[in-house]
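The values are calculated or read from the model by the stated rules, or taken from the named source; none is laboratory data. Computed from a predicted model, the values in this text were never measured in an experiment. Here the Cβ positions follow ideal geometry from the backbone for every residue, glycine too, while neighbour counts run over all protein chains shown. In case anyone asks, the SASA skips ligands and DNA or RNA and just uses the protein heavy atoms, side chains included. Shrake-Rupley method; radii C 1.70, N 1.55, O 1.52, S 1.80 Å.
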Amino acid sequence: MNMLTRLKRRMGEIGCYTYVTVLAVFAAFPLLWLFICSVKESGDLLANPTSMIPQKFTLANYHNVMVNLGLGTNIRNSLMVSLSTTLIATVISSLAAYGIVRFFPKLGNMMSKLLIMTYMFPAIVLVIPYAVVMGKLGLTNTRLGLVLVYLSFNVPYAVWLLVGFFKTVPIGIEEAARIDGAGRLQTFVRVVLPLVAPGLVSTAIYMFINAWNEFLYALILTSSSSITTLSIKLHTMQGADVLNWGDMMAACMVVVLPSVVFFSFIQKYIAGGMTEGAVK
Amino acid sequence: MKYKVKKDYGRWLWVLPAIALVICLFVYPLGSQVFYSFTNKTLIKSTYGIRGLSNYTAILTDPDFWLALWTSVKWTVLSLLFQMLIGFSAALALNSIKNKVARQVYRILLIIPWAFPTIAIAIIWKWLLNGIYGFIPTLLTQMGITGQLPQFLSTPDLVMPTLVVVNVWFGFPLIMVNVLAALQTVSQDQYEAAQIDGARKLHMFWYITLPHIRNVIGLLVVLRTIWVFNSFDIIYMITGGGPANVSTTLPIYIYNLGWVNKFVGRSSAAAVILLIILLTICAAYFCVLNKWEKEADS
């Protein structure tokens, strides 16, 4: 009997390992393939569509996209837009989240429900109004316009996430600081923020990835290659007369890598934040 | 805290920037979108007039609209079903792996798709499925499964299933990570107690695990339904809605109408209809979720 249960358990574990291994191949293979193809020579790429080992390892594709296709400009644009969005959104939303938790506790619940509504909002609905507004303000085809639009969907979600983090700060600590004569803002910056630092950092990284990956609004609002982001640059590269898949793969690696690296750091925080309220 | 003893206007300063931002960049554009839906505005002429409900009747009598709606429903239901199935089972399998290092490694491998920017999803899958040099068609042919290279992205019958597979690939990690987080909140005591009482694994899952994480799953289904229904990028970048409208979902229909054909009024009306559909889905879901919560409390 004992042996039978042990055998059963062993079988169960082997089953689990097999299942996750199959899934892991499904999940990770495209990234592996992306890398392999990005270091193949173009002849090899087309002649051996299923070979896993490059005949000759080459960085020519990377050199080509960075130097000849000027991908550097777009990397800079993407970085500028994503970093400014993250910075401004972090300031605005941490102020708001703290304000909601401390000064509007009753309104807070309703507010966070409204905020999450904005997050579920279809991006496509605001395409035309944004195009019209940015046109009127003269911000079409500028990085500033893009930052403004990105704030609109990052701030509400960030507030929602941060409210959860600020709620964990015990009020006693703040009262102690206040008694010692610190002002509200001082208490906030010196006492509260350090306590929620992990939450703040993961929210910021999440916003950065969001902005870094955004496509639709960048497609609508920017057109010239010197202003636009990496996503749009890659999209236009696909429309070229002669599509060089080796270049595409190298360019893709450049977009994917920061996202994947950052993501593995923050996935735990984000997962917790998203459905925290639902856990009993 | 005693902030409320005297009138405290200073507290508004904390939330003001966020409120101002939401009003300027969210409420105002949304309002103007609803307004446009009652006008004959185009992106070519600057003058326009109010046309009442004519845009709405035009949309609701357009067979392409209904086709796009049907495509959207198929896309959402199929994607969600398989994302939930795979995500959920992966979480359960991962949770029963005892070796911590192995679990961590698998976890990181499995969340890779979630981190992919959409443009990269589009390009890598187009390349994997490419009808001449693609890895998957070539492999299938070499293994003798298909006689000639299958054209996944240009055969009308294959396009939607292929796109769903891509979307499942991208979406299951999110479900998995969330379910995993929820599973870890189930207290071990209950399992041990059940084990002493001689409960079977399946019963333990059904009577302890499932009720405990039901709310998380419910919320996930709501969020994912909405995201998948709204998603524009993946399909737009992979097929552009083609071939011949086969993969045109509602967001792509709206985009084409407003941005490509410049019919702002009509596209706005379609957008408002999309919003109404989403709000209805949301309301229905939240009713169910509220009921569950009440059941759990009683």
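Label reach from residue A:73 (point 7 Å along Cα→C-beta): in region A:228-264, amide nitrogens under 18 Å belong to A:228-241, A:251.
What is the sum of charges around residue B:55, taking Lys and Arg as +1, Asp and Glu as -1, for the other residues whose C-beta is under 11 Å from the C-beta of residue B:55? Computed value for this residue: +2. With a cut-off of 19 Å, note down the residues of region A:29-44 whose backbone N falls inside the zone around a label point 7 Å from the Cα of residue B:145 toward its beta carbon. Hits in region A:29-44 for residue B:145 at 19 Å: A:29-34. On the beta carbon distance between residue B:279 and residue B:23, with R0 = 25 Å, the FRET formula returns roughly 0.80.
For region A:1-69, the list of trypsin sites (Lys or Arg not before Pro) that fall in a loop by DSSP and count at most 15 other C-beta atoms within 10 angstrom reads A:56.
Residue by residue, region A:100-107 carries 3J(HN,Hα) couplings of 5, 5, 8, 10, 10, x, 6, 5 Hz when phi is fed to the Karplus relation 6.51 cos²θ - 1.76 cosθ + 1.60 (θ = phi - 60°); x denotes Gly or Pro. With both labels modelled 7 Å from their Cα along Cα-to-Cβ, the residue B:100 to residue B:261 distance reads 6.0 nm. Helix hunt in chain B: which complete DSSP H runs extend at least 18 Å axially by C-alpha with mean Kyte-Doolittle at least -1.0? Answer set is B:63-95, B:100-115, B:156-183, B:210-230, B:264-297.
Between residue A:195 and residue A:141, the modelled label-to-label distance comes to 5.1 nm, taking each label 7 Å out from Cα in the direction of the beta carbon. Rg and Dmax, both from the Cα atoms of chain B and both in Å, are 24.3, 81.
Rounded, prolate or oblate: pick one for region A:2-60, where a ≥ b ≥ c are the square roots of the eigenvalues of its C-alpha gyration tensor, a/c under 1.5 means rounded, and failing that, prolate if a/b is larger than b/c, else oblate. The shape class here is prolate.
When the accessible area of each residue in region B:15-57 is compared between its chain alone and the complete protein assembly (1.4 Å probe; ligands, DNA and RNA ignored), which residues differ by at least 30 Å², being lower in the assembly? Relative to the lone chain, where solvent access is computed with a 1.4 Å probe, region B:15-57 loses at least 30 Å² at B:15, B:17, B:18, B:21, B:22, B:25, B:26, B:28, B:29, B:30, B:33, B:36.
All other residues whose Cβ lies under 13 angstrom from that of residue B:267 are scored, Lys and Arg at +1 and Asp and Glu at -1, for a net of +1.
What pairs in B:74/B:294; A:40/B:126; B:100/B:291; A:136/B:126 have C-alpha atoms more than 27 Å from each other? B:74/B:294; B:100/B:291; A:136/B:126, as the Cα separations exceed 27 Å there. For residue B:39, the residues whose modelled amide H falls within less than 5 Å of its own, excluding neighbours fewer than 5 places apart on the same chain, are B:51. Surface analysis of region A:2-60 yields an accessible area of 61 Å² per residue, using protein heavy atoms and a 1.4 Å probe. Distance from the alpha carbon centroid of region B:124-163 to that of region A:92-151 works out to 41 angstrom.
Helical runs (DSSP H, four residues minimum) scored at -39500 (n - 2.57) apiece and divided by the length of the protein assembly as shown put the mean residue ellipticity at 222 nm at -23000 deg cm²/dmol.
The distance linking region A:51-73 with region B:63-109 is 33 Å (Cα centroid to Cα centroid, whole angstrom). Taken as Cα centroids, region A:160-205 and region B:269-284 sit 38 Å apart, rounded to the nearest whole angstrom. Counted by Cβ distance under 13 Å from residue A:39, the other residues give a net charge of -1, where Lys and Arg count +1 and Asp and Glu count -1. By its C-alpha gyration tensor, with a ≥ b ≥ c as the square roots of the eigenvalues, how is region A:65-278 shaped: rounded for a/c under 1.5, else prolate for a/b larger than b/c, else oblate? Since a/c reaches 1.5 and a/b is larger than b/c, the shape of region A:65-278 is classed as prolate. The length gained by stretching the chain between residue B:58 and residue B:197 to full extension, at 0.36 nm per residue less their Cα-Cα distance, is 43.6 nm. The trypsin sites (Lys or Arg not before Pro) of region B:1-102 that meet both conditions, a loop assignment by DSSP and at most 13 other Cβ atoms within 10 Å of the site Cβ, are B:2, B:4, B:6, B:7, B:45, B:98.
Excluding ligands, DNA and RNA and using a 1.4 Å probe, chains A and B jointly bury around 8700 Å² of accessible surface, summed across both partners.
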